[in-house]
Amino acid sequence: MRVLLFLWTFGFLLDEAQPWGFKNGVFHNSIWLERAAGVYHRESRKGRYQLTYKEAKAVCQYEGGKLATYEQLEAARQIGFHVCAAGWFDKGQVGYPIVKAGPNCGFGKVGIISYGYRVNKNERWDVYCYNPDSKECGGVLTEQQKIIQSPGFPDEYQDEQICYWHIRVRLGQRIHLHFLEFDVEDDTSCLADYLEVYDSYDDVSGFGGRFCSDHLPDDIISTGNVMTLKFLSDASVTAGGFQLEYVAFNGSLFK
């Protein structure tokens, strides 16, 4: 019943000519799966909504990528990429991908929430980049079990990093997050470098904690089949980084 409801929810969004479907319980377009994982969100290191169109393109190019197209952003959304933050993408468009409608994100809709082509390219937003060959920092993860680590691990991570990992497993499953190693710049309020965990599709709702220092965080169990991790480092002082593992499990087995 839950699978049928999921299909019905997404069915009106899809072109029937496209090979959309399930693989290992995850809804996606098989042709786009790996390529779509190369779509990622970036914000300015000064904070959210600080990038002009020119600066947004420079951010993507700096990492060896380019601005995502509407089609690439939509393909990533179809496998669970959900970010409640408006950003530049190809040809001066602004918008963001929504998988699950919410009161504070997407105006109650799902899809690419588009602000259209912006005439004023000096407006300031975030950015959506595309780089299928560089997935070290963030990505859309649909595996049943996977190791996640800071960029460059086991070497020290670099300054000015922003990484998002969006985990999406099968419907009815939950996610067990277990920390293996953890060494992030020690700061009393965790304002410099930190890892944040969200029990949701994005970094707006479901806040599960912000972590820094060399103290190994406790395990975290999701309430559903999605989870978001955000890692940020500022312009000074780095550390050894982190390594953690997530494992998907049948939600009914955990009481």
Quickly run through segment 146-169 and pick out the residues that are farther than 17 Å from ASP218 by Cα and either surrounded by fewer than 18 Cβ atoms within 10 Å (Cβ to Cβ) or among the polar types (S, T, N, Q) (or both). LYS146, SER150, PRO151, GLY152, PHE153, PRO154, ASP155, GLU156, GLN158, ASP159, GLU160, GLN161
If PHE179 satisfies all but one of (1) under 23 Å from ALA235 (Cα atoms); (2) among the aromatic types (Phe, Trp, Tyr); (3) assigned by TED's automatic domain parsing to the domain that holds SER236, what's the number of the condition it fails? (1)
Would you say THR188 is among the polar types (S, T, N, Q) and touching a Gly at 6+ places or on another chain (Cβ under 9 Å)? no
Restricting to segment 35-62, and then to whatever is β-branched (Val, Ile, Thr) and closer than 19 Å to LYS121 by Cα, can you tell me which residue is modelled with the lowest pLDDT? VAL59
For the condition among the hydroxyl-bearing types (Ser, Thr, Tyr), in contact with a Gly (Cβ under 6 Å, 6 or more places away or on another chain) and at pLDDT 90 or above, what is the one hit in TYR194, TYR198? TYR198
Here the qualifying pairs (Cβ atoms under 7 Å; residues six or more apart or on different chains; first in segment 101-122 and in the same structural domain as GLN50 (by TED's automatic domain parsing) and in contact (Cβ under 8 Å) with a residue 12 or more places away in the chain; second of a type in the set (Val, Ile, Thr) and not in a loop (DSSP other than H, G, I, E, B)) come out as CYS105/ILE98; GLY106/ILE98; GLY106/ILE113; VAL110/ILE98; GLY111/ILE98; ILE113/ILE98; TYR115/VAL94; ARG118/VAL94
LYS91 being over 18 Å from the mean Cα position of the chain (by Cα), outside the structural domain of VAL226 (by TED's automatic domain parsing), modelled with pLDDT of 75 or more and over 25 Å from VAL226 (Cα atoms): yes
Complete set of residues in segment 39-87 that are assigned to a strand (DSSP E or B), under 19 Å from GLY106 (Cα atoms) and without any contact (Cβ under 8 Å) to a residue 12 or more places away in the chain: none
Quick one: is VAL237 at positive phi, aliphatic (A, V, I, L, M) and either in contact (Cβ under 8 Å) with a residue 40 or more places away in the chain or surrounded by fewer than 19 Cβ atoms within 10 Å (Cβ to Cβ) (or both)? yes
For segment 139-180, what are the residues that are assigned to a loop (DSSP other than H, G, I, E, B) and among the charged types (D, E, K, R)? GLU143, ASP155, GLU156, ASP159, GLU160, ARG170
Of the residues that make up segment 210-227, is at least one at pLDDT below 90 and small (Gly, Ala, Ser)? no
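The values are calculated or read from the model by the stated rules, or taken from the named source; none is laboratory data. Because the structure is a prediction, the values reported are computed rather than measured. Every residue, glycine among them, receives a Cβ derived from its backbone with ideal geometry; neighbour counts consider all protein chains shown.
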